[in-house]
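Chemist: Could you have a look at this structure, given as C-alpha cells, before my questions?
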Amino acid sequence: MQPFSEFPAAAARGIRFVLSDVDDTLTDGPRLPAATYRALERLQDAGITVVPVTAAPAGWCDLMARMWPIGAVIGENGGLCFHRDPASGVSERHYWAEPAEREGARARLGALADQITASVPDAEIAHDQRYRETTLAFVNRDAVGAEAIGARLEAAGAQTTLNSLWVLGWLGDFDKLAMARRMMPALFGIDLDRDMEQCLYVGDSPNDAPMFGFFAHSVGVASVVHQAMPTWPRWITQGAGGAGFVEVAEFLLAARRVA
C-alpha cells in the first residue's frame, strides 16, 4: 500500500464519485464526527457524489438516504440500495432480490439465528437485527466467536463476512461490489468498468475486499492494517476512521482548487 498523500493529483481531479464504507471509515467507533459530516457536505458542494456502501441495516440506511448529503446508500452488504430523489423528495428502495425470494431468505435466516445462538457459546444477535431486511447479523465479539459463527453460516449454505461490528450472513449472490455494479448505472449512468477512473473507494474491513480488489483507486483508512484482509487497498491514509476519510476528502478538494 502506498501513502494516499502520493495519490496522483491528475487522477484526483477526475474523481466524480466516492464510494465509502461507513463503520470505522466514516465513523470513529459508533460516532459520526462533525468533521466527517462536514467533509460529506463539502464533497457534495464540489460536485463529488458520495455513496456509502455498508453492512448497516435498512433502518440506518433509510436515515442516511434521507438526511445525509449523499447520492444514495448501498446497505446490508449489497442486499439493498436506498436513494432519495433531490427534486421530488421521494425515497426509492431497490433490492437485490425480488419480494418472494427475500421473504423466503428471511425465514431461513431466522431459523439459522435460532440454531446458531443455541449452539455457539456467547453468540448474540445484533441489536439492530429488527431493522434488517436481507441479512442476519451477530455481534462481532472476538475472532474465535466470529470464526465459529461464520462456519455455521457457511455450513448452512449462507454467505458470510465480517466487519468491526458484525458477523454477517445472507442468502443470495450479492455483495458490496455486485450491488454497486447494478446501482451505479441505474442511478448515475456510471458503468464501473468503463468509468472506473471517475470513482474512488474508501474502506477498512474484510467485507471491503471485493471493492479493494476491483477499484483502481482503492483507499484504506489507517486502521485497515489491523485487519486480516484477503485483498488490500492500493493506498492508505495517515488517519484512521473518520479522520482518514476527511484526509481523502481534503486531498480531492485541494486537487480541484489547483485545477
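Chemist: When the helices in the chain are scored as -39500 (n - 2.57) per DSSP H run of 4 or longer and the sum is shared across all residues, what 222 nm value do you end up with, to the nearest 500 deg cm²/dmol?
Modeler: Numbers: 8 runs with 98 residues, N = 259.
Mean residue ellipticity at 222 nm (helix-derived): -12000 deg cm²/dmol.
Chemist: Only bridges with both residues in the chain count here: give the DSSP antiparallel percent, nearest 5.
Modeler: Beta bridges within the chain, antiparallel portion: roughly 55 percent.
Chemist: Kindly express, to the nearest 10 degrees and within the range 0 to 90, the angle between helix 176-188's C-alpha long axis and the longest C-alpha principal axis of the chain.
Modeler: Long axis of 176-188 versus the principal axis of the chain: about 50 degrees.
Chemist: Of all DSSP beta bridges in the stretch 123-259, what percent run antiparallel (nearest 5)?
Modeler: Numbers: 9 of 14 bridges.
Taking every DSSP beta bridge with both residues in the stretch 123-259, the antiparallel ones total about 65 percent.
Chemist: Compute the FRET efficiency between Ala11 and Val225 as 1/(1 + (r/R0)^6), taking r as their Cβ-Cβ distance and R0 = 41 Å, and round to the nearest 0.05.
Modeler: On the way: r = 23 Å, r/R0 = 0.56.
It comes out at approximately 0.95.
Chemist: Classify the stretch 155-224 from the C-alpha gyration tensor, please: rounded if a/c falls under 1.5, else prolate or oblate depending on whether a/b exceeds b/c. Walk me through the intermediate numbers first.
Modeler: Numbers: a/c = 2.75, a/b = 1.32, b/c = 2.08.
Because a/c hits 1.5 or more and a/b fails to exceed b/c, the stretch 155-224 counts as oblate.
Chemist: Using packing as a proxy for protection, rank 98-104, 248-254, 123-129 so that the peptide with the highest average count of other Cβ atoms within 10 Å comes first. Kindly include the intermediate steps, with their values, before the conclusion.
Modeler: Details: 98-104: 11.3, 248-254: 19.0, 123-129: 16.0.
Peptide ranking by packing, descending: 248-254, 123-129, 98-104.
Chemist: For the chain, what is the accessible area per residue in Å², given a 1.4 Å probe and the full set of protein chains? Mind dumping the intermediate values first?
Modeler: Working: 11150 Å² over 259 residues.
That works out to 43 Å² per residue.
Chemist: On to the next question. Note the listed values (i) 20.0, 61; (ii) 19.6, 57; (iii) 17.8, 59, then indicate which one is Rg and Dmax of the Cα atoms in Å calculated from this particular structure.
Modeler: Derived directly from the coordinates: (iii).
Chemist: I would also like to ask the following. Need one word for the stretch 85-130: rounded, prolate or oblate. Basis is the Cα gyration tensor (sqrt eigenvalues a ≥ b ≥ c); a/c below 1.5 gives rounded, then a/b vs b/c decides.
Modeler: Numbers: a/c = 5.63, a/b = 2.09, b/c = 2.69.
It comes out oblate by the Cα gyration axes.
Chemist: At a 1.4 Å probe radius, carbon and sulfur cover how many percent of the accessible area of the stretch 1-107? The partial results should precede the final answer.
Modeler: Working: 2400 of 4610 Å².
About 52 percent, which is the carbon plus sulfur part of the accessible surface.
Chemist: Given the C-alpha centroids of the stretch 157-206 and the stretch 45-101, what is the distance between them in whole angstrom?
Modeler: 13
Chemist: Let me ask something else about it. So which trypsin sites (Lys or Arg not before Pro) in the stretch 117-157 end up in coil per DSSP with only 13 or fewer other C-beta atoms within 10 Å?
Modeler: Working: sites: Arg130, Arg132, Arg141, Arg152; in loops: Arg132, Arg141.
Loop-located and lightly packed - Arg141.
The values are calculated or read from the model by the stated rules, or taken from the named source; none is laboratory data. Owing to the predicted nature of the structure, the values given are computational and were not obtained by experimental measurement. As a convention, Cβ positions derive from the backbone with ideal geometry for all residues, glycine included, and neighbour counts pool all protein chains shown. These area figures cover heavy atoms from the full protein model, side chains too; ligands, DNA and RNA do not enter into them. Shrake-Rupley method; radii C 1.70, N 1.55, O 1.52, S 1.80 Å.
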